[in-house]
Amino acid sequence: MKSTEISVPERVYIETFGCQMNSNDSDRVLSILTSSCNGPGGYVKTGDPFSADLILLNTCSVRDKAEQKVYSLLGRFKPVKIERPSVIIAVLGCVAQQQGLKLLKRIPYLDMVVGTQNLHRIRELLIAVKNGSERVVAVEESLTIGEDEYTVPTKVDGPKAFVPIMRGCDNFCAYCIVPYTRGREVSRAAVDIIAEIKELASRGVKEVTLIGQNVNSYAPPATGGVKLNENFSALLKEVVAVDGVNRVRFVTSHPKDTSEELIALFGTERKIATSLHLPVQSGSNRLLKLMGRGYTVKEYLGKIDLLKEVKPGIALSSDIIVGFPGETDEDFSSTMALIERVRYDNLFSFKYSPRPGTRAALFDSQVDPAVASKRLQILQKRQRQISAEKSEALKGRYLEVLVEGASKGDKNELTGRTACNKVVNFPGSGSGFNVVPGDMIELLITDVYPNSLRGVYNERGLLCS
Ligand code: SAH
Ligand code: SF4
Ligand code: F3S
């Protein structure tokens, strides 16, 4: 089909893998494509790839398994392209950034490869494909944030929204591909972030999550030649001061950038949620050094202790890699000791996966995958017990909950999240209380399940705010 315009209404299907950055990117891509003010005609979203006119896979390459999933999905979509050659298939995100042109060579029926820093150009790239019937690769990297990169309104999910404040990573941990797929660290200007949050608040958003691969190494560029004295703590203070925003989260924080100043804010700023994801990766100093993480176990635990002190009841979560090259039984025992000491509410643990181009992939002491699997099992089993014990301790407590909407399982029930980031279901219509999404309420926790809590209105039926 040759046309200078995108015909209406075409259907777009998108599948998203990976982290919070990718889901936010997908939301923004969809906003661009479905908004009719953005060019001639808009797409409508479909959940069925086999009837779509545009198939988008927003990909992750953090572990080999995630990357392989993309190739197997593309294989499934090959018959669609044979049957309907006008269908456009595109790979977006981290695998696109990492593989670039190689992807087009490997997958002859692929039309577009759009890397992590070119997603805001999706419409223009689509038009190029349609006009010239050409295959397009857009993986250029930039050291600054483009003017139109974040102008698309953030998707509002009930009373919650995610706001990117920086992109990229400069840490180059020995195992990690992210610095290669997301490029160098660049922060958005604080004025733009605050303007976006004020706008979100005016649309009814009550909870904002600031996102970035290293959210707390936020450092905005100099404007007009003047370097502002702005760091993550300063930004956070501005965010909590926005009227209408009642709860603020941020993810992902790097332990080395988790300053005492930032920790202190958990004690003084009521709107900062009672939870923090602080990936430790290992409990062994030897491995932390090989990984290039920039902190010791002692330094990490010092920060954890301080967090618990300034914010009693804070829910902590973390990422751990088992089977990193050279990991001995002793190293693994140190990791087990660390999880006993911290008692995380939630833990994301992974078997080490060698990634092309990273330092650790060249280390010659790779761990037997069977040994790594066994260690992962042991770690996950113990963590399940700890998580259950931590949840159980919430029974009988009164917790502040942001009401999000109807519960998925039962339309007469409502669902929300506690400040410590746990899902709570509770009575909805007919309960005698008039509660709507966006309200902050206090609930008495009556039951605890593996993935959620159950609550009832407190005897006073009081709203918190
Ligand atoms: N920026 C964040 C996390 C980025 S990736 C941070 O620094 O913590 C998310 C998680 O994937 C990492 O925390 C790590 O636990 C895991 N991960 C990254 N590379 C990996 C690899 N090669 N093999 C296994 N897990 C990996
Ligand atoms: Fe990867 Fe390390 Fe950067 Fe996190 S800090 S994204 S683990 S390189
Ligand atoms: Fe994956 Fe890219 Fe995120 S590699 S974890 S989607 S930054």
At 7 Å along Cα-to-Cβ for each site, give me the label-to-label distance between Lys411 and Lys374 in nm.
5.2
Which of Asp53, Asp410 has the fewest Cβ neighbours within 10 Å, and the rest in rising order:
Asp410, Asp53
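Taking only C-alpha pairs under 8 Å that are 6+ residues apart, what is the relative contact order of the range 48-171 in percent?
Numbers: 148 pairs, mean separation 22.8, N = 124.
Relative contact order here is 18 percent.
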Sequence-distant or interchain residues sharing an amide H contact under 5 Å with Ser275, placed H: which?
Ala315
Cβ density ranking, 10 Å radius, fewest first, applied to Phe363, Phe172, Phe266, Phe250 yields Phe172, Phe363, Phe266, Phe250
Using only the Cα atoms of the range 247-328, what are the Rg and Dmax in Å?
13.5, 43
Between the range 50-104 and the range 235-306, how many Å separate their Cα centres?
35
Residue span Asp319 to Glu392: 0.36 nm per residue of separation minus Cα-Cα distance leaves a gain in nm of 24.0 nm
Tabulate in residue order the Karplus-calculated ³J(HN,Hα) for the range 331-346, using 6.51 cos²θ - 1.76 cosθ + 1.60 with θ = phi - 60°, rounded to whole Hz; enter x for Gly and Pro.
4, 5, 4, 5, 5, 4, 5, 5, 5, 5, 6, 7, 6, 5, 6, 8
Is the shape of the range 10-138 best called rounded, prolate or oblate, per the rule: a/c under 1.5 gives rounded, else a/b larger than b/c gives prolate, else oblate, with a ≥ b ≥ c the square roots of the Cα gyration tensor eigenvalues?
rounded
Neighbour counts of other C-beta atoms within 10 Å: give me Ser86, Ser318, Ser334 arranged from fewest to most.
Ser86, Ser334, Ser318
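Using only the Cα atoms, what convex hull volume per residue in Å³ does the range 160-392 have? Please report the intermediate quantities before stating the final value.
Numbers: hull volume 30.2 nm³, N = 233.
Once divided by residue count, the hull of the range 160-392 is 130 Å³.
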Taking square-rooted eigenvalues a ≥ b ≥ c of the alpha carbon gyration tensor, is the range 398-457 rounded, prolate or oblate, where a/c under 1.5 means rounded and, failing that, a/b exceeding b/c means prolate?
rounded
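Rounded, prolate or oblate: which fits the range 156-244 when a ≥ b ≥ c are the square roots of the eigenvalues of the alpha-carbon gyration tensor, with rounded for a/c under 1.5 and prolate only if a/b beats b/c?
On the way: a/c = 2.51, a/b = 1.42, b/c = 1.77.
Note, shape of the range 156-244 comes out oblate.
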Between Val44 and Ala195, what length in nm is gained on full extension when 0.36 nm per residue of separation is reduced by their alpha carbon distance?
51.5 nm
Taking Cα pairs closer than 8 Å and at least 6 residues apart, the relative contact order of the range 398-457 in percent is 36
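Could you give the alpha-carbon Rg of the chain over 2.2 N^0.38 Å, rounded to two decimals?
The chain yields a ratio of 1.02.
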Label-point gap, in nm, between Ala241 and Gln68 - each point 7 angstrom along Cα→Cβ:
5.2
Give the relative contact order (percent, whole number) for the chain; include only Cα pairs under 8 Å separated by 6+ residues.
10
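First measure r as the distance between the Cβ atoms of Val129 and Arg203, then evaluate 1/(1 + (r/R0)^6) with R0 = 25 Å and state the FRET efficiency to the nearest 0.05.
The pair Val129/Arg203 has a calculated efficiency of 0.15.
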Inter-part distance where the range 378-413 and the range 134-203 are each reduced to a Cα centre, Å:
31
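Given charges of +1 on the Cβ of Lys and Arg and -1 on the Cβ of Asp and Glu, with all other atoms neutral, how large is the dipole of the chain about its Cα centre, in debye to the nearest 20? It would help to have the intermediate numbers written out before the result.
On the way: 60 positive and 54 negative charges, 185 e Å.
The calculated dipole for the chain is roughly 880 debye.
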What list of ³J(HN,Hα) values in whole Hz, one per residue of the range 136-146 in order, does the Karplus curve 6.51 cos²θ - 1.76 cosθ + 1.60 (θ = phi - 60°) give from phi, with Gly and Pro shown as x?
10, 10, 10, 10, 5, 10, 9, 8, 10, 8, x
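Read-outs throughout are calculated quantities, based only on the coordinates presented, and are distinct from any laboratory measurement. No experiment lies behind these values; they were computed from the predicted model shown. Neighbour counts are summed over all protein chains in view; Cβ atoms, including those assigned to glycine, are modelled from backbone coordinates with ideal geometry.
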